[in-house]
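Enquirer: This is the structure, below, for whatever I ask next.
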Amino acid sequence: MKITVIGAGAIGGNLAAKLSAAGHDVQVADARGPEAVRAEVLESGARSVNLADAVQGRDVIILSIPFGVAGQLADLFAWVPDETVVIDTANYYPGMLSEPIEAVDNGQVESAYTAELLGRPVVKAWNAALAETQRTKGVPAGTPGRLAIPVAGDSDQARKVAMSLVDDTGFDPYDAGPLADSWRQQPNSPAYCTELTLDQLPAALAAADRAKDTAVRDSLPQRFSALGANPTVDDVVEMNRAAHR
């Protein structure tokens, strides 16, 4: 497929590298310019491009940008065909990674807010796994213990496309239903960054509680500081799991 990844940080860069290694035609665009894309992101064949040239003629566009800034791309996306699948990977951390956003604080689903800013539907995927989990723990389909990633969206076809790409990055895709239900994979639900298999993920999504999960999210600075210096990815996963025991 012809894929553009907008955002070349930890998650966007990893997705660009993995999807190009899987045989897709991948472009990477960063608001800071093509030179901001790290060399290792391009080693598998992805190409860095200007943001203005990134969205035309693509089958899929993956947004791996800070939460709440999608509105800055609305004019660019006004020219993107309706059939192009747009996938959102962002998460909302008010006071930590973004300013508080009243609509989301009052209950609007994160990716529904992003879709509103962007002016078009999106699919939610790759948000519920740590960047380091995505970088190091993807394995071929059929591998015992393969980790799963939930995918939510209102279009059956768009969700199917996103799920196939999740599989290509080394994880079992799980159909998490419509976008309105994607709050179940937002920070810090039982399914969020807890490294679950396809058998385990449905129960974790079902156990989500918006009030409790928001409180767990907001306690992250205190919980993370308790891990001490240089926590491993396994330390962080265990911290997230422990918050729901």
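The values are calculated or read from the model by the stated rules, or taken from the named source; none is laboratory data. Bear in mind the structure is a predicted one, so any value in this text is a computation, not a measurement. For neighbour counting, all protein chains shown are included, and Cβ atoms are generated from backbone atoms with ideal geometry for every residue, glycine included. Protein only, heavy atoms only, side chains kept; ligands, DNA and RNA dropped before computing areas. Shrake-Rupley method; radii C 1.70, N 1.55, O 1.52, S 1.80 Å.
Enquirer: Report, in deg cm²/dmol and to the nearest 500, the calculated mean residue ellipticity at 222 nm for the chain, where each DSSP H run with n ≥ 4 adds -39500 (n - 2.57) and the sum is divided by the residue count. Please report the intermediate quantities before stating the final value.
Expert: Working: 10 runs with 79 residues, N = 245.
Computed mean residue ellipticity for the chain: -8500 deg cm²/dmol.
Enquirer: Follow-up question, since we're still on this one. Could you give the accessible area per residue of region 31-153, probe 1.4 Å, as a whole number in Å²?
Expert: Working: 5710 Å² over 123 residues.
Result: 46 Å² per residue.
Enquirer: Moving to a separate point now. Give the calculated FRET efficiency between S44 and F224 to the nearest 0.05, with a Förster radius of 30 Å applied to their Cβ-Cβ distance.
Expert: Plugging the Cβ-Cβ distance into 1/(1 + (r/R0)^6) gives 0.40.
Enquirer: Would you mind telling me the antiparallel percentage of the DSSP bridges in the chain, rounded to 5?
Expert: Around 10 percent of the beta bridges assigned by DSSP in the chain are antiparallel ones.
Enquirer: Also, I was wondering about something else. Mind putting a number on the dipole of the chain about its Cα centre? Charges go on the C-beta only, +1 for Lys and Arg and -1 for Asp and Glu, and I need it in Debye to the nearest 20.
Expert: 360
Enquirer: If you take every residue apart from A74 with its C-beta less than 11 Å away from the C-beta of A74, what net charge results, scoring Lys and Arg +1 and Asp and Glu -1? All intermediate terms of the calculation are to be shown ahead of the outcome.
Expert: Values: positive: R120; negative: D75, E116.
Net charge around A74: -1.
Enquirer: While we're looking at this one, here's another question. Would you please put 226-238, 104-116, 150-162 in order of how densely packed they are, using the mean number of other Cβ atoms within 10 angstrom per residue and starting with the highest?
Expert: On the way: 226-238: 12.3, 104-116: 18.5, 150-162: 20.9.
Descending mean neighbour count gives 150-162, 104-116, 226-238.
Enquirer: Let me ask another. Which order, highest average first, do 14-22, 55-63 follow once you tally other Cβ atoms within 10 Å for each residue and take the mean per peptide?
Expert: Values: 14-22: 22.9, 55-63: 20.1.
Packing order, densest peptide first, comes out as 14-22, 55-63.
Enquirer: What is the Cα centroid distance between region 59-83 and region 131-168, reported in whole angstrom?
Expert: 21
Enquirer: To continue, here is another question. Once the dipole of the chain is set up with Lys and Arg at +1 and Asp and Glu at -1 on Cβ about the Cα centre, which of H24, P100, A226 lies farthest towards its positive end?
Expert: Looking along the dipole axis, the top candidate is A226.
Enquirer: May I pose another question? Let me make sure I get this right: for region 180-245, a, b and c are the square roots of the gyration tensor eigenvalues over alpha carbons, sorted descending. Under 1.5 in a/c it's rounded, otherwise prolate if a/b > b/c, else oblate. Which is it?
Expert: Judged from the Cα gyration tensor, region 180-245 comes out oblate (a/c at least 1.5, b/c at or above a/b).
Enquirer: Using Cα positions and a limit of under 23 Å, work out the lysines in reach of K160, with same-chain residues fewer than 8 apart set aside.
Expert: Qualifying lysines at Cα under 23 Å: K2, K18, K124, K137.
Enquirer: Kindly rank 75-83, 3-11, 28-36 from highest to lowest mean number of other beta carbons found within 10 Å of each residue.
Expert: Sorting 75-83, 3-11, 28-36 by mean packing, highest first, produces 3-11, 28-36, 75-83.
Enquirer: Another question about this same structure. Below 8 Å between Cα atoms, with a sequence gap of 6+, how large is the relative contact order for the chain in percent? Numbers along the way, then the final one.
Expert: Working: 451 pairs, mean separation 35.6, N = 245.
So the answer I get is 15 percent.
Enquirer: Between the helical axis of 233-242 and the dominant principal axis of the chain, each derived from Cα atoms, what acute angle in degrees is found, rounded to the nearest 10?
Expert: Around 50 degrees separate the two axes.
Enquirer: Pop out the carbon and sulfur fraction of the accessible area of the chain as a percent, whole number, probe 1.4 Å.
Expert: On the way: 5690 of 10880 Å².
For the chain, the apolar C and S fraction of the accessible surface comes to 52 percent.
Enquirer: A further question follows. Report, in degrees rounded to the nearest 10, the 0 to 90 angle that the Cα long axis of helix 10-21 makes with the longest principal axis of the chain.
Expert: Rounded to the nearest ten degrees, it is 60.
Enquirer: Would you work out the charge dipole size for region 195-245 about its Cα centre, treating the Cβ of every Lys and Arg as +1 and the Cβ of every Asp and Glu as -1, and quote it to the nearest 20 debye?
Expert: Values: 6 positive and 8 negative charges, 47 e Å.
Once rounded to the nearest 20, the dipole reads 220 debye.
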